[in-house]
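> My questions all concern the structure below.
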Amino acid sequence: MKVILLGPPGAGKGTIAKALMQHDGSVQISTGDILRAAITAGTTLGKQVEAAMAAGNLVTDELIMDIMEQRLQEEDCQQGYLLDGFPRTIPQAEALKALLAKLGEKLDCVLELDIPRDVIIDRLTTRRTCNNCGEIYNVKSKPPRVEDVCDVCGSEIMQRDDETEEAIENRLQIYNQQTAPLVDFYRNDGLLVSVPSSDIEPVMQAIRQRI
Ligand code: ADP
Ligand code: ZN
């Protein structure tokens, strides 16, 4: 299946994507993970985006589209993909539409995870991420077995630079201004499925009904 996961930071896009991935072999494509990996590897791309990301600002549409135009044509995407964190602006959504038309592909749906703001803030401030494999933990609801050590790969888990209170505020504001308009965009295209939860089961149900 080809699905976009839409929702504010902390809505659970990554968790849902991983669950759906096990379901039918679609790949999760997280632009945030791609960018963080580039920063860790110290590539040119990483150096270009580091400052914007640490502040919680978006990187440019051009950079994102360069990455995604290539990524969506790789072999593992043929089975389907779950887009997590992309598109995030109207220009990205327009560019994606043009790209899919060019490739002769169609989205199955756009899943909107609709979560109250206080839940999001609580989740983001307690979230921890493995800086090696990207596994996500939560100090309250999903701590690692050994404090600060990733269960999956044994690396250190940390709070992301963009998960300070100031950067979180900024990310939520940017979401409301730049990403929230995509809800209407995809509703107009007849692709929107809104789920007022980020729990796995209701989301799976919405997907099953749709596909
Ligand atoms: P979250 O969904 O929790 O905000 P992500 O991992 O999706 O986090 O994104 C982290 C950061 O990566 C964003 O704040 C932004 O700087 C950058 N980023 C990721 N995807 C995009 C995108 N599609 N367009 C612009 N910037 C992006
Ligand atoms: Zn790890």
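The values are calculated or read from the model by the stated rules, or taken from the named source; none is laboratory data. If you're wondering where the values come from, they're calculated on a predicted model, not measured in any experiment. Here the Cβ positions follow ideal geometry from the backbone for every residue, glycine too, while neighbour counts run over all protein chains shown. For accessibility, only protein heavy atoms count, side chains too; no ligands or nucleic acids. Shrake-Rupley method; radii C 1.70, N 1.55, O 1.52, S 1.80 Å.
> Holding the Cα-Cα limit at 28 Å, pick out from Lys2/Lys47; Lys18/Lys106; Lys13/Lys97; Lys47/Lys140; Lys13/Lys47; Lys47/Lys106 the pairs that are longer than that.
Pairs exceeding 28 Å: Lys2/Lys47; Lys47/Lys140; Lys47/Lys106.
> Taking the simple approach of a point 7 Å from Cα along Cα-to-Cβ for both Asp114 and Arg210, what is their distance in nm?
If labels sit at Asp114 and Arg210, their model points lie 1.3 nm apart.
> Is it possible to state the helix-based mean residue ellipticity at 222 nm for the chain, with each DSSP H run of 4+ residues giving -39500 (n - 2.57), the sum divided by total residues, to the nearest 500 deg cm²/dmol? What is it?
That comes out to -14000 deg cm²/dmol.
> Hey, another quick one. Largest first, what is the accessible-area ranking of Cys133, Cys150 with a 1.4 Å probe? Display every interim value, and only then the final one.
Working: Cys133 65, Cys150 5 Å².
My answer, sorted largest first, is Cys133, Cys150.
> Zone of Ser155 (label point 7 Å along Cα→Cβ, backbone N under 15 Å): which residues in region 95-135?
The answer is 128-135.
> Got a number for carbon plus sulfur as a percent of region 43-150's accessible area, 1.4 Å probe?
50
> Could you size up the charge dipole of the chain around its Cα centre, putting +1 on the beta carbon of Lys and Arg and -1 on that of Asp and Glu, and report it in debye to the nearest 20?
360
> Does the chain come out rounded, prolate or oblate by the C-alpha gyration tensor, with a ≥ b ≥ c the root eigenvalues, rounded set by a/c under 1.5 and, if not, prolate when a/b is larger than b/c and oblate if not?
Since a/c stays below 1.5, the shape of the chain is classed as rounded.
> Which peptide among 52-65, 11-24 comes first, and what is the full order, when sorted by highest mean count of other Cβ atoms within 10 Å?
11-24, 52-65
> Would you mind pulling out the separation of the Cα centroids of region 82-131 and region 23-54, in Å?
Centre-to-centre (Cα) distance: 14 Å.
> Ala52 to Asp24: extension gain in nm, 0.36 nm per residue of separation minus the Cα-Cα distance? Write out the running numbers ahead of the final one.
Details: separation 28, 0.36 × 28 = 10.08 nm, distance 3.45 nm.
Working it through step by step, the gained length comes to 6.6 nm.
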